[in-house]
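S.K.: My questions all concern the structure below.
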Amino acid sequence: MQHPFVVLSGKREGRRTIGVAFEESKRGFFVRATALDGATGVATIDDWDIVIFAVSTLMEAFNGPGEQSLRTLNPVITFKPRDLLAAIRRPKVKGSAPIERLEAALQRLVNTRVLLLRRGEEDREFTLLETYHRGRATTDDLHPSWSMTVPRWMLKEITKPGGPFVAQVNPAYFDLSGSPLMRVVARWAVAYRRYEPGPPASIRLVRAYKLSGMNSWSRFYDRLVEIVTADPLPDHTLKLANTEREDGGELVIDVRPGKARKSRTPPSTPTAPTRPVEMSVAPGCGLLDDEIDEIDQPVELRL
C-alpha cells in the first residue's frame, strides 16, 4: 500500500473520526480518508487485511472456470469468520472477542470514505467496503456464514483490461506484531521495493512521515529507528541514510539476499484462505516468479 487509505490506529479521537490526508501537489495527487460516522471511526492498518482477503477471493473467482466480467463477477463474498481470521493470521482466542473485533473492523471499512484525486484522471470517491451481513447462529448452525459486499471500484480493478497487477509477498508479514507503523513499513517494502533484482528503493523521511499519517515527527522518527534496528521484515532490509541532512535523510529498502525474484504475469490467482492479496494505489508489477502452487504465499494487488 503506497498511499494512506487507512490510519495506523483508531485509539486517538482525532485520528478515529477525521482520518488521514496525503497530498503531493507537484505530482497532482491527493488522497483523504474520513469517517462517515464519527462514532464508528476510520479503518486501521489492521482492518486493511480484510480488504486483502476480499480481493483474493475475487481474484480466485475471476480466474476460475468460465468467463467473468464486471457485469458477472459477484460482489458478495460469503465466508466463515474463522476462515477469514485464519487467512489473515489472527491468533486463535477462545470466546466471542475475535468475532466482535472482526465485526468492528468490517463496520470501519464500510464507514471509511476515500477521496482520490489524480492529475489527468477523474476524481474518485469510494468506501473501502459496501456493506456486510453477520450470520446469526441457530440450533442447526452454530457457526453461520457471514457475507460482505465489495464496492464497484474494486470489481473494476479486478476486471480491467490487461488484468490487475499483483506481486507475491511473504505470509510472515501478517505475523508482524510490533507497532502499527511496522506493518505500514512492511507494506512500503512490498509496494516500493518489491522483489525484482535491482537497486534499493528509498523514501525521503519527510515523505514517509506524511504517508504514515502520524502527527508527531519525533514519535515517528523514534518508532522508525526502533523498526530499522529490530530488522523485523522477513524479505526486506531497512536502513536509514543521510540522516545528517536537514530533511532527515531517507529510508532505504532492499531485498534480502536470496529473496530476489523476477516478475511475470500470473497464469492464475491463488485461493483466498492460503494466499491473501494485498492492495496498493499505484500501477506495479506482475506476479513474481516463484513456486506458484506453494501454499501460504500471499500476493499483492497494486491499484
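The values are calculated or read from the model by the stated rules, or taken from the named source; none is laboratory data. These numbers come from a predicted model, not from an experiment. Because the Cβ atoms are built from the backbone with ideal geometry, glycine has one as well, and the counts that use them run over all protein chains shown. In case anyone asks, the SASA skips ligands and DNA or RNA and just uses the protein heavy atoms, side chains included. Shrake-Rupley method; radii C 1.70, N 1.55, O 1.52, S 1.80 Å.
S.K.: Rounded if a/c is under 1.5, else prolate if a/b beats b/c, else oblate: with a ≥ b ≥ c from the C-alpha gyration tensor eigenvalues square-rooted, which is region 1-156?
M.R.: Oblate.
S.K.: Let me ask something else about it. Taking amide H positions as placed 1.01 Å from N in the peptide plane, with prolines and chain starts having none, which residues 5 or more places from T127, or on another chain, fall under 5 Å of its amide H?
M.R.: V114
S.K.: If you don't mind, there's one more thing I want to ask. To the nearest Å, what is the center-to-center distance of region 118-190 and region 212-231, using C-alpha atoms only?
M.R.: Using only Cα atoms to place each centre, the spacing works out to 26 Å.
S.K.: Taking all protein chains in place and a 1.4 Å probe, what share, in percent, of the accessible surface of region 73-134 do carbon and sulfur account for?
M.R.: Numbers: 1760 of 3610 Å².
About 49 percent, which is the carbon plus sulfur part of the accessible surface.
S.K.: Okay, next question. Please get the size of the charge dipole for region 62-218, origin at its Cα centre, with Cβ charges of +1 on Lys and Arg and -1 on Asp and Glu, quoted in debye to the nearest 20.
M.R.: Working: 25 positive and 14 negative charges, 110 e Å.
With only Lys, Arg, Asp and Glu charged at Cβ, the dipole is about 520 debye.
S.K.: Can you find, among Q68, G95, T78, the residue sitting farthest towards the positive end of the charge dipole of region 50-96, where Lys and Arg contribute +1 and Asp and Glu -1 at Cβ?
M.R.: G95
S.K.: To continue, here is another question. Would you mind telling me the share, in percent, of accessible area of region 151-228 contributed by carbon and sulfur at probe 1.4 angstrom?
M.R.: The computed percentage sits at 54.
S.K.: Moving on. At 1.4 Å probe radius, can you tell me the per residue accessible area of region 69-182 in Å²?
M.R.: Per residue, region 69-182 has an accessible area of 55 Å².
S.K.: Using +1 at the Cβ of each Lys and Arg and -1 at the Cβ of each Asp and Glu in region 219-261, identify which of P234, I253, F220 lies farthest towards the dipole's positive end.
M.R.: Of P234, I253, F220, it is P234.
S.K.: Each residue of region 117-125 in order: what ³J(HN,Hα) in whole Hz does its phi give by Karplus 6.51 cos²θ - 1.76 cosθ + 1.60, θ = phi - 60°, with x for Gly and Pro?
M.R.: Whole-Hz 3J(HN,Hα) from phi for region 117-125: 10, 9, 4, x, 10, 5, 5, 10, 9.
S.K.: Give the residue from L116, T159, T127 lying farthest towards the positive end of the charge dipole for region 113-198; charges sit on Cβ (+1 for Lys and Arg, -1 for Asp and Glu) and the dipole is referred to the Cα centre.
M.R.: Value computed over the given set: L116.
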